[in-house]
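Some notes on the structure that comes next.
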Amino acid sequence: MTLNQLKPGESGIISKVGGQGSLRLRFLDMGLIPKTKVTMVKIAPMGDPIEILIRGYELTLRIDDAKNITIKPEGER
């Protein structure tokens, strides 16, 4: 499952950060690190971008970027 598939109010744990080179480094710099909890806050009316809650702050991502972040639903091992 990828980050863009969460519904508002749902949470998950990052299991893998994809992307190549500087894109992957940018994700890591923003706090998108494996084993970190993320919660979907809202989705823009047209579907892009999305807003997530991570590490106590709200982060807005484009759908194409969110597809590079693999998550597992909270509670799943």
- Task: Give me the pairs, please: first residue somewhere in the range 2-16 and under 12 Å from Gly47 (Cα atoms), second residue anywhere and among the acidic types (Asp, Glu) and open to solvent by 40 Å² or more (accessible area, probe 1.4 Å), beta-carbon distance under 6 Å, and either six or more positions apart or on two chains.
- Result: none
- Message: Testing Asp65 on (1) at negative phi; (2) open to solvent by 70 Å² or more (accessible area, probe 1.4 Å); (3) charged (D, E, K, R), one condition comes back false. Which one is that?
- Response: (2)
- All but one of (1) in a strand (DSSP E or B); (2) within 15 Å of Met1 (Cβ to Cβ) hold for Glu58, so report the exception by its number. (2)
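The values are calculated or read from the model by the stated rules, or taken from the named source; none is laboratory data. Being a predicted model, the structure only gives us computed values, none of them experimental. Here the Cβ is made from the backbone with ideal geometry for all residues, glycine too, and neighbour counts use every protein chain on show. Protein only, heavy atoms only, side chains kept; ligands, DNA and RNA dropped before computing areas. Shrake-Rupley method; radii C 1.70, N 1.55, O 1.52, S 1.80 Å.
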